[in-house]
Structures are given as C-alpha cells and as structure tokens.
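I have placed the structure first, in the form of structure tokens, so that the comments after it can refer back to it.
The values are calculated or read from the model by the stated rules, or taken from the named source; none is laboratory data. Bear in mind the structure is a predicted one, so any value in this text is a computation, not a measurement. Cβ sites come from the backbone with ideal geometry, for glycine too, and all protein chains shown count toward neighbours.
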Amino acid sequence: VSFPIGRALLSIQQTPVLLQALLRDVDQARASQARDGEGWNVVEVLCHLNDYEQIFSERIQSASGENPPSMAAYNPDEMAVEKRYAEQSLTATLEQLLERRRALVAFLKGLAPEEWEARAGIHPAIGKLTITEQVLIIPLHDVNHMEQMIRALGLGEKF
Ligand code: NI
C-alpha cells in the first residue's frame, strides 16, 4: 500500500495558509513574549520550523534508491541557542520558511511518482524512510508546533 502522493502534497501546502493566518496579527514584541510554559517563544518555534524545513528538504533531495544515505542527527535545543533564534525577525523568518516550502513543493512535483517509494534515507532514530514517509512527517511536525504557538499566544488550551 502506498499513500496517495496528491494527498501528501496537499497537506504540506496547507501549513503556509494556517501559519499566515495564525501570525497575521502577531508582532515581534508579542511573539517574543508568548511562550507555553518553559518552552520556546513563538519566534523561536518559527525559527525551529524554518531550520527543519531546510533539514527535511535536504534529506528528501538526497534520498536515494541505490544506496539510501544516513541522515545527520540534529539537536533542536542546541540549534536554538547556537543560531540565536530569540533574536531573529518573525516576519523575515516566516518569509524564508514559506519560500523554502514553495521550493520543496516544486521539487516534489518534479519527481516521478515511483521515486516517492523507491528513494529513501536512513533516519538516525527511526531507520529507513522513503520520500513518501519523509513528506508525511512534515505536516505532523508542522501541526505539533502550530499547536504550541496557539497555546503560547493564549488562543487555545491543551486538548
Ligand atoms: Ni520540532
């Protein structure tokens, strides 16, 4: 059984719509102060999504059928400190993230359907992941962090 490619592509194109709506009335000051408990503030969460957009895209583009490459492991909390997430611009980060998502969608649309199942990489914690599986992880990760932003902004309670 293989997951319908069209449905996976649709899902990763929905995040930009949701993110833009979520952040429409949020300025830098509010985003810097809004955090859920001890977690990241909204600027830091967005920087994390932006960096992982790059990581996910690189992993997908390097996926291979012959010899699936090992993916590098990352530490999100260390990245947040090293890359000074708290000092970044909310709007510039959002723009870059949306541009990266557009580029990823364009890359995926250029693949032959059989490549989605034939090409894979080796995730450090999960093991072998096809392109289909790597793409499906993205909206799960997006939703996780959008829910975190919603709680940080006081717009929703834990379900
Ligand atoms: Ni994450």
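If you go through segment 109-124 and pick out every residue that is touching a residue at least 12 places away in the same chain (Cβ under 8 Å) and not in a loop (DSSP other than H, G, I, E, B), you end up with 10. Taking first residues from segment 66-82 that are within 14 Å of Q54 (Cβ to Cβ) and partners that are charged (D, E, K, R) and surrounded by 12 or more Cβ atoms within 10 Å (Cβ to Cβ), the Cβ contacts under 9 Å between residues at least 6 apart in sequence or on separate chains come to M71/E58; M71/R59; A72/E58; A72/R59; Y74/D51; P76/D51; M79/D51. Counting only helices (runs of 4 or more DSSP H) that fall entirely inside segment 1-85 and contain at least 3 residues that are exposed (fewer than 12 other Cβ atoms within 10 Å of the Cβ) and away from the ligand (no atom under 16 Å from the Cβ), the qualifying elements are 5-23. Residues considered: N75, N144. Of these, the only one that is under 23 Å from D27 (Cα atoms) and within 16 Å of the chain's Cα centre (by Cα) is N144. If you go through segment 116-141 and pick out every residue that is of a type in the set (D, E, K, R), over 13 Å from A8 (Cα atoms) and either surrounded by 16 or more Cβ atoms within 10 Å (Cβ to Cβ) or within 16 Å of the ligand (Cβ to nearest atom) (or both), you end up with 1. A Cβ distance below 6 Å, combined with a sequence gap of six or more or placement on separate chains, defines the contacts here; from segment 125-144, residues that are aliphatic (A, V, I, L, M) reach residues that are within 16 Å of the ligand (Cβ to nearest atom) in the pairs L129/H123; I138/I12; I138/F56. The residues on offer are R151, R100, and the sole one that is among the charged types (D, E, K, R), more than 21 Å from G6 (Cα to Cα), in a helix (DSSP H, G or I) and away from the ligand (no atom under 14 Å from the Cβ) is R151.
Residues in segment 89-99 that are of a type outside the set (A, V, I, L, M), surrounded by fewer than 17 Cβ atoms within 10 Å (Cβ to Cβ) and over 30 Å from E114 (Cα atoms): S89, T91, E95.
Just one of the listed residues (K128, K109, K83) is among the basic types (K, R), in contact with a Cys (Cβ under 9 Å, 6 or more places away or on another chain) and at pLDDT 95 or above, namely K83.
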